[in-house]
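Please treat every number below as a calculation from the coordinates, not as lab data. All values derive from a computational prediction rather than experimental measurement. Every residue, glycine as well, gets a Cβ built from its backbone with ideal geometry; the counts of neighbours run over all protein chains shown.
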Amino acid sequence: MKENDIDSYLRANRPQIKDNPTFLLEVEQKMRAVDGIKKEVDRQRKRGRLTMTVVFVAGIILGAIALALALAFPTEPKLTDVSLLSQLKDYFEAHAEALLVSVAFGASFISIALGTRKESL
Amino acid sequence: MSPERFIDLIRNEQESLRRFLLALCGGDDDLADDIAQDALVRAYVASGSFLGLSKFSTWLFRIAYNCYIDHRRKPEPDLISVESPPALNIHSEDEADLTFRYQKLYLALESLPEKEKAAIMLHYFEDLSIKDIAAILQIPAGTVKYHLSIGRNHLRDKLL
């Protein structure tokens, strides 16, 4: 067989697509749907950012008010709870290993949970 | 980019894109159109990242080919189909003629490895250059030439 035979066979048998007048309309509808989802996601993100900003500003204002009040009305610290503090210190010293392991376990769990969290639309 | 502007851009490309996918899907035009629409929507979403380093049509074909590969990798549903294979699906008399005309070709193409099949289709059905085919299939130009040569031999054995 000649090399050109298969070339001309393939070129002569180029597939013909079925007439589909709604093809581009359907594509456009899908694109508009995608646009709608993108806008909604952007809106949610903006709202999240705004909430974070409000919480941050509120925290600073409340902290400043608390500091101003503490400076305006100073009080003597009570030194009566020394026994309670020493009890806590003794307890911590006795169970230091278990407490540190618990803290490490908790921190690992939180970091894994945050790392695997999926964003939902 | 607005949907209208994107539709204007793809208006001239959609026919060859659909034909390429039709050949890849063994003549199943419903499946080919579904993949084409999926590819065009993906292209629209990613249109902001198109840097113009390659031709727009090449970029579209690459996305379409990746969509087709994704579709092929999806596990088949556990259903026993009572329908004939895609290459034999016939909806009307005109389509029957068309389907039978291409059936032999589709079956021969179906037997080729994916990259070989895609290289043959892009070169002979879409008249694309070796450089463009290499960009679409993301393989070196020399490999495209190799696939074309081997693919031609395979098809010659099956068709002629």
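When a/c reaches 1.5 or more, the comparison of a/b and b/c decides; with that in mind, is the range A:12-101 rounded, prolate or oblate per its Cα gyration tensor?
Because a/c hits 1.5 or more and a/b fails to exceed b/c, the range A:12-101 counts as oblate.
On full extension of the chain, what length is gained from A:Thr51 through A:Leu71, given 0.36 nm per residue of separation minus the C-alpha to C-alpha distance?
Value of the extension gain: 4.2 nm.
Can you pull the one-decimal nm distance between simple spin-label points at A:Val103 and B:Asp8, each 7 Å off the Cα toward Cβ?
Output for this residue pair reads 6.4 nm.
Among B:Ile10, A:Ile112, B:Ile150, which comes first, then next, by fewest other beta-carbon atoms within 10 Å?
A:Ile112, B:Ile150, B:Ile10
With r defined as the distance between the Cβ atoms of B:Arg73 and B:Lys158 and R0 fixed at 30 Å, what FRET efficiency is calculated, to the nearest 0.05?
Between B:Arg73 and B:Lys158 the formula returns 0.70.
If you stretched the chain out fully between A:Ala58 and A:Gln44, how much longer would it get, using 0.36 nm times the residue separation minus the C-alpha to C-alpha distance?
My answer for the length gained is 2.9 nm.
Identify which of A:Ile60, A:Ile17, A:Ile110 has the largest mean-square fluctuation in a Gaussian network model of chain A, with springs joining Cα atoms closer than 10 Å.
Largest GNM mean-square fluctuation: A:Ile17.
Need one number: nm distance between label points at A:Val34 and B:Ile139, each 7 Å from Cα along Cα→Cβ, rounded to one decimal.
Modelled inter-label distance: 2.7 nm.
Work out how much length A:Ala96 to A:Ile112 would gain on full extension: take 0.36 nm times their residue separation and subtract the Cα-Cα distance, in nm to one decimal.
Contour length minus Cα-Cα distance gives 3.3 nm.
In which sequence would B:Glu76, B:Glu110, B:Glu4 go, from the one with the fewest C-beta neighbours within 10 Å to the one with the most?
Exposure proxy ranking, most exposed first: B:Glu76, B:Glu4, B:Glu110.
Starting from the Kirkwood radius over alpha-carbon pairs of the range B:25-70, derive D by Stokes-Einstein at 20 °C in a medium of 1.002 mPa s and give it in µm² s⁻¹.
The Stokes-Einstein estimate is 195 µm²/s.
Any chance you could get the radius of gyration and Dmax over the Cα atoms of the protein assembly as shown, in Å?
Both quantities, over Cα of the protein assembly as shown: 31.8, 106 Å.
Inside 10 Å of the C-beta atoms of A:19-31, what's the mean count of C-beta atoms belonging to other chains?
Other-chain Cβ atoms within 10 Å of each residue's Cβ, averaged: 5.
What nm value, rounded to one decimal, do you get for the distance between B:Asn66 and B:Ser111 when each label is placed 7 Å out toward the C-beta?
Once both label points are built, they end up 3.3 nm from each other.
Whole-Hz ³J(HN,Hα) for each residue in the range B:125-131, computed from phi via Karplus 6.51 cos²θ - 1.76 cosθ + 1.60 with θ = phi - 60°, x for glycine and proline: what do you get?
Using θ = phi - 60°, the values come out as 8, 10, 6, 8, 6, 4, 4 Hz.
Where does helix A:82-94 land angle-wise versus the long Cα axis of chain A, in degrees 0 to 90, nearest 10?
50
Against the longest alpha carbon principal axis of chain A, how many degrees, from 0 to 90 and to the nearest 10, is the axis of helix A:3-12 turned?
Tilt of helix A:3-12: around 80 degrees.
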